[in-house]
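Here is the structure we will look at, set down as structure tokens.
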Amino acid sequence: MFDVFKKNNSVIAPICGKVLDLSQVPDDVFAGKLAGDGVAIECSDDTIVSPVEGTLSLIFKTNHAFGITVDNGIELLVHIGIDTVNLKGEGFERLAKEGSRVKVGDPIIKINRDFIKEKGYSLISPVLITNMEKIKEIKNNVDIKVTAGKDTIFTYKIK
């Protein structure tokens, strides 16, 4: 019954904002696709939600990033901002529990955007597939404004 959804392999926006190509991320690791492939979003909201259905496999201690393992084996990383690990968790509030099942749109992290920006950090947030060896094709939807939990930021096909 749900095979139709599995074939699409869509990743939905975890944050409201403008979708950017990874080459526009002001960090060589992300811009060079060294951590994985996907897109980034110029964050314009305070709540980061799950972009896929799966298991919330990891929330970094500092709450600046989280990983979700999709049932098809794909590992997705949502990294909130650039170098925000340096804030040591300040400005980030965990809303979900590591190890829990999540659906698209479930709130994961709440941020204080004003605080993070005042501290001088970019809120450009990469959303990546980290195990690209399993991916045959990825199609990004860049240069569009998206709503968290609603709009597709990229689709992918598994090998």
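The values are calculated or read from the model by the stated rules, or taken from the named source; none is laboratory data. This structure is a prediction, so every number in the text was calculated from the model and none was measured. When we count neighbours, we look across all protein chains shown, and the Cβ atoms used for this are built from the backbone with ideal geometry, even at glycine. Note: accessible area is taken over every heavy atom of the protein model, side chains too, but ligands, DNA and RNA are not part of it. Shrake-Rupley method; radii C 1.70, N 1.55, O 1.52, S 1.80 Å.
When the criteria are applied in full, residue 72 meets the requirement of being polar (S, T, N, Q), under 24 Å from residue 157 (Cα atoms) and either part of a loop (DSSP other than H, G, I, E, B) or touching a Leu at 6+ places or on another chain (Cβ under 6 Å) (or both).
Restricted to segment 53-69, and to residues there that are in a loop (DSSP other than H, G, I, E, B) and either under 19 Å from residue 17 (Cα atoms) or of a type outside the set (Ser, Thr, Tyr) (or both), the residue that is most open to solvent (accessible area, probe 1.4 Å) is 61. If a residue has to be in contact (Cβ under 8 Å) with a residue 40 or more places away in the chain and hydrophobic (A, V, I, L, M, F, W, C) to count, how many in segment 29-72 make the cut? Summing the residues that are in contact (Cβ under 8 Å) with a residue 40 or more places away in the chain and hydrophobic (A, V, I, L, M, F, W, C) in segment 29-72 gives 13. In segment 12-28, the count of residues that are in contact with a Phe, Trp or Tyr (Cβ under 7 Å, 6 or more places away or on another chain), in contact (Cβ under 8 Å) with a residue 40 or more places away in the chain and within 17 Å of residue 153 (Cβ to Cβ) is one or more.
Yes/no matrix, rows are residues, columns are (1) over 12 Å from the mean Cα position of the chain (by Cα); (2) closer than 24 Å to residue 54 by Cα; (3) among the charged types (D, E, K, R):
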residue	(1), (2), (3)
90	yes, no, yes
99	yes, yes, no
102	yes, yes, no
110	yes, yes, yes
115	yes, no, no
118	yes, no, yes
121	yes, no, no
129	no, yes, no
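For segment 107-159, the set of residues classified as free of Cβ contacts under 8 Å to residues at least 40 places away in the same chain and under 13 Å from residue 44 (Cβ atoms) consists of 114, 116, 117, listed by residue number.
Selection of segment 6-35 for residues being more than 19 Å from residue 113 (Cβ to Cβ), assigned to a strand (DSSP E or B) and of a type outside the set (S, T, N, Q) yields 11, 12, 21.
Among the residues of segment 138-150, the ones that are surrounded by 13 or more Cβ atoms within 10 Å (Cβ to Cβ) and in a strand (DSSP E or B) come to 4 in all. For segment 85-137, residues that are open to solvent by less than 40 Å² (accessible area, probe 1.4 Å) and in a strand (DSSP E or B) total 12. Of 27, 71, all but one fail to be at pLDDT below 95 and touching a strand residue (DSSP E or B) at 6+ places or on another chain (Cβ under 9 Å); the exception is 71.
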